[in-house]
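Data block below; observations after.
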Amino acid sequence: MNSVVKAQTSHPNAAKIKKSKLSKGVGKAVLYMILLVHLVFTAYPFVWMIISSFKSNKEYFENPWGFPAVWQFSNYLDAWNQGISKYLFNSIYITFFSVVGLLLVATLIGFYLSIRPFKGSKVLLGAFFLGMLIPVHSTLIPLFTLANKVGAYDTFWSLFFPYIAFNLPVAIFLIHGFFRGIPKELEEAAIVDGCNIYQTFFRVYFPLAKPILATVTILSFFNIMNDFVFPLIMVSQDSLKTLPLGLMSFKGNFSADYSLISAALVITTAPIIILYMFLQKYIQNGVVAGSVKG
């Protein structure tokens, strides 16, 4: 037995293997420390916001870093009654129909350009991709002028179409790349079975595209739900304001109830964070799948 142990320890690669394991362990420890520091810096502002939402406005300034002496649970009810419920409904309404329209347009375009390429299809696809290079803020004045001329200003229509248009390039990029990665033999088998292009899409491609569609849904949901600029320019009625814009109404010209604002911010951000925590794997898998072209 001793001879076997001695033989193993005297093996020429034993020192290298031991050193490799040690270096891997040190590397993991350093990585975990970096991730821990990153977690503290990113999570602490949200934790501080939650603690502040239970304070009175006076205690918010007198004891900004400590726990509240009396937990003010009524702040959430006051924030809800003062308009957060209305702004939340508007945001969900606009986001839902914008995402549905985006998925419908992007899926059909990405599908057709991937399996039915034609002369000039690459130019058309490149034109869509160039849309990712256009700064959103550079289009605000033309869009505002156009909305005024067609009578869409101060309506939800002035938000639906810009949201679909500016999220369309990324959606087409991901969906087109995903469809190109699907083996051509599946389409040929569907044609042999008598399926036309629409049946091929709904029976073959659409069921396979659920991961990439989930990714597009989540990414566009976050972009639209958190957008502040378009509602600020396109909407003036308080009844049409979305969450990011509606939060501005909690701050007056000369004073503000920051505890109430903190409670409103928690109501606004908590659902998005929870949704991301449960669906983040679809974002990672879908982005990788959509970026790899067959």
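The values are calculated or read from the model by the stated rules, or taken from the named source; none is laboratory data. Note that this is a predicted model, so its numbers are computed, not measured. Here the Cβ is made from the backbone with ideal geometry for all residues, glycine too, and neighbour counts use every protein chain on show.
Observations, loosely collected:
- Members of the stretch 264-288 that are modelled with pLDDT of 75 or more and surrounded by 14 or more Cβ atoms within 10 Å (Cβ to Cβ): Ala264, Leu265, Val266, Ile267, Thr268, Thr269, Ile272
- Unique residue being buried (at least 22 other Cβ atoms within 10 Å of the Cβ), of a type in the set (Asp, Glu) and under 30 Å from Asn57 (Cβ atoms) when the list is Asp257, Asp227: Asp227
- Qualifying residue in the stretch 188-204 (condition: assigned to a helix (DSSP H, G or I), among the charged types (D, E, K, R), assigned by TED's automatic domain parsing to the domain that holds Leu125 and closer than 25 Å to Ile94 by Cα): no
- In the stretch 88-108, of all residues being small (Gly, Ala, Ser) and more than 15 Å from Trp157 (Cβ to Cβ), the one that is nearest to the chain's Cα centre (by Cα) corresponds to Ser91.
Condition check ((1) in the same structural domain as Ala264 (by TED's automatic domain parsing); (2) assigned to a helix (DSSP H, G or I); (3) without any contact (Cβ under 8 Å) to a residue 12 or more places away in the chain) across all residues:
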site: Tyr44; (1), (2), (3): no, yes, yes
site: Lys58; (1), (2), (3): no, yes, yes
site: Ala69; (1), (2), (3): no, no, yes
site: Leu77; (1), (2), (3): no, yes, yes
site: Leu102; (1), (2), (3): yes, yes, no
site: Lys122; (1), (2), (3): yes, yes, yes
site: Ala127; (1), (2), (3): yes, yes, yes
site: Ser138; (1), (2), (3): yes, yes, yes
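- Condition check for Val100: among the aliphatic types (A, V, I, L, M) and under 30 Å from Pro211 (Cα atoms): yes
- From Thr139, Thr200, residue being out of contact with any Gly (no Cβ under 8 Å at 6 or more places or on another chain) and modelled with pLDDT of 85 or more: Thr139
- When Ser259 is tested against the conditions (1) modelled with pLDDT of 80 or more; (2) under 23 Å from the mean Cα position of the chain (by Cα), the lone failure is (2).
- Qualifying residue in the stretch 167-175 (condition: of a type in the set (Gly, Ala, Ser), closer than 20 Å to Asn90 by Cα and assigned to a helix (DSSP H, G or I)): no
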